[in-house]
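Inspection log for the structure reproduced underneath, given as structure tokens.
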Amino acid sequence: MGSSAHEIQSHLKKYYMVFGALLVLTGVTVAVAEMHVSIGMAIVIALFVASIKGTLVACYFMHLMEERSMIMWILALCAFFFLLLLLFPVFTVGEQIGGLAEPMRGLSPQ
Amino acid sequence: MSATVIPYDVKPHPLTGMYNGKFGIWLFLASEIMLFGALFSTYVLLRVGAPEGTWPIAGAATTRGDEILNVALAALNTAFLITSSVTMVLAWANLKMMNFKKGQTMLLVTVLLASAFLVVKYFEYNAKFHHYAVTFNEHFEHEGVESNTFTATTPAGTTKTIHYLHGHVESTKKNAEGVIESYEFLPDAEHGHGDAATHKAVEIPASEIARITNYGPGGSTFLGCYFVITGLHGLHIIGGIVVMLYFLATGSKMWKTQPDKYANRIECTGLYWHFVDLVWIFLFPVLYLL
């Protein structure tokens, strides 16, 4: 990233603004949870807010926005494998959670 | 014999656009994503496969973690970590502006906030290890206290009625051989059939208990996940504190001879620290609020 003393001075205000946004979004997460909305809605809202907070931390505190695209590609590859890791096991219990593995039923012991 | 010079330890590498240490930290963080990702995936798999009424603990009214976890303490810890991320980036910014003293102060504040996180976590863990779930062989009723019941459905489709109480073990009575004969048990107000003003301790003979366990890692599948994931995160916090203390103490000598390199090392420490914050940002809602 650009890191001369003058450039860094101009970044300080951004850091404080991101700090404020993170605290407000934490409050939003707790407030929504206290409203006891449906579990589906709660998951969507909580993960959406957490994703915004994570993006703010990565982009501003970790200066990801100012790095070359190479590091982005490495992280994108990592995110892709993370999703595979998350989804593959869920497919194996698809029968229990939504009938995704219906053809497997005939293979289960009687 | 000439010393080996590590290339690009201050100036950016032409290919990556960053000095080698920073690139190394990014690759390390990529592996860390997969580490926490594996645990997160395990958590999701166990949760969607949990029999009804057993998540986060047998007999819970909802499936949310806050049935048995303290949201207020976790929110406080979230604030501590977010603030520590700001002080960490300010430590680096001040060093880049050649303000060593302020940079060190910010690094010290980061260490203090990280330590505060661990202190709060200690109180959270401690409360779990002193809270118990008792499962009875059959219906229990004594001195006005009655066991709760819930019906568990097994994966095979059969059902089983469980009689249980949640609360605190006040004391135990042992026989001459040192084997526990009975427990002085104070049920939780919401589980002990009565409001907080009237609920009282009851003696439970050990012979009537099928299982007694605290809210530790063996308490339930959810608690096992909770302790493994937050424990691993806690170890990362401790690791970060050790590194920061090194740079506050003997490591800071580098500032006098190579200030740029020292600032870069703080930047690498910061990248790691922001990642630890980022993991908590996701853990907080997933474990405590959903």
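Summary of computed values
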| read-out | value |
| --- | --- |
| The one condition in (1) at pLDDT 95 or above; (2) of a type outside the set (Ser, Thr, Tyr); (3) surrounded by fewer than 14 Cβ atoms within 10 Å (Cβ to Cβ) that residue B:195 fails to fulfil | (1) |
| Residues located in segment B:61-82, provided they are touching a Leu at 6+ places or on another chain (Cβ under 9 Å), in a loop (DSSP other than H, G, I, E, B) and at the interface with chain A (Cβ under 10 Å from one of its Cβ atoms) | B:63, B:64 |
| Residues being modelled with pLDDT of 90 or more and crowded, with 17+ Cβ neighbours inside 10 Å - total across segment A:26-44 | 3 |
| Test: residue in segment B:249-256 that is β-branched (Val, Ile, Thr) and away from every other protein chain (no Cβ under 14 Å) | yes |
| Selected residue (criterion: farthest from residue B:92 (Cα to Cα)) from residues of segment B:258-286 that are among the aliphatic types (A, V, I, L, M) and touching a Phe, Trp or Tyr at 6+ places or on another chain (Cβ under 6 Å) | B:279 |
| Tally, over segment B:14-47, of residues that are part of a loop (DSSP other than H, G, I, E, B), at the interface with another protein chain (Cβ under 10 Å from one of its Cβ atoms) and surrounded by fewer than 16 Cβ atoms within 10 Å (Cβ to Cβ) | 1 |
| Matching option when the condition is surrounded by fewer than 17 Cβ atoms within 10 Å (Cβ to Cβ), outside any strand (DSSP E or B) and in contact with a helix residue (DSSP H, G or I) (Cβ under 6 Å, 6 or more places away or on another chain), among B:177, B:181, B:124, B:138 | B:124 |
| Sole exception among (1) more than 8 Å from chain B (Cβ to nearest Cβ); (2) modelled with pLDDT under 85; (3) surrounded by fewer than 15 Cβ atoms within 10 Å (Cβ to Cβ) for residue A:95, by number | (3) |
| Among residues of segment B:217-226, those that are part of a helix (DSSP H, G or I), of a type outside the set (A, V, I, L, M) and touching a Phe, Trp or Tyr at 6+ places or on another chain (Cβ under 8 Å), counted | 3 |
| Qualifying residue in segment B:48-55 (condition: facing another protein chain (nearest Cβ under 9 Å), out of contact with any Ser or Thr (no Cβ under 6 Å at 6 or more places or on another chain) and either under 26 Å from residue B:132 (Cα atoms) or not aromatic (Phe, Trp, Tyr) (or both)) | yes |
| Some residue of segment B:260-270 being more than 10 Å from chain A (Cβ to nearest Cβ), surrounded by fewer than 16 Cβ atoms within 10 Å (Cβ to Cβ) and either in contact (Cβ under 8 Å) with a residue 40 or more places away in the chain or not in a helix (DSSP H, G or I) (or both) | yes |
| Residues within segment A:21-73 that are of a type outside the set (D, E, K, R), in contact (Cβ under 8 Å) with a residue 24 or more places away in the chain and over 18 Å from residue B:282 (Cα atoms), tallied | 1 |
| Matching residues in segment B:98-112 - criterion: being surrounded by fewer than 19 Cβ atoms within 10 Å (Cβ to Cβ) and under 19 Å from the mean Cα position of the chain (by Cα) | B:112 |
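This table checks each residue for (1) in a helix (DSSP H, G or I); (2) within 30 Å of residue B:47 (Cβ to Cβ).
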residue: B:200; (1), (2): no, no
residue: B:212; (1), (2): no, yes
residue: B:231; (1), (2): yes, yes
residue: B:239; (1), (2): yes, yes
residue: B:247; (1), (2): yes, no
residue: B:251; (1), (2): yes, no
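Residue by residue, here is whether (1) closer than 25 Å to residue B:264 by Cβ; (2) at the interface with chain B (Cβ under 9 Å from one of its Cβ atoms) holds:
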| site | (1), (2) |
| --- | --- |
| A:5 | yes, yes |
| A:12 | yes, yes |
| A:29 | no, yes |
| A:39 | no, yes |
| A:52 | no, no |
| A:61 | yes, yes |
| A:74 | yes, yes |
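The values are calculated or read from the model by the stated rules, or taken from the named source; none is laboratory data. This is a predicted model, so every value here is computed, not measured. Because the Cβ atoms are built from the backbone with ideal geometry, glycine has one as well, and the counts that use them run over all protein chains shown.
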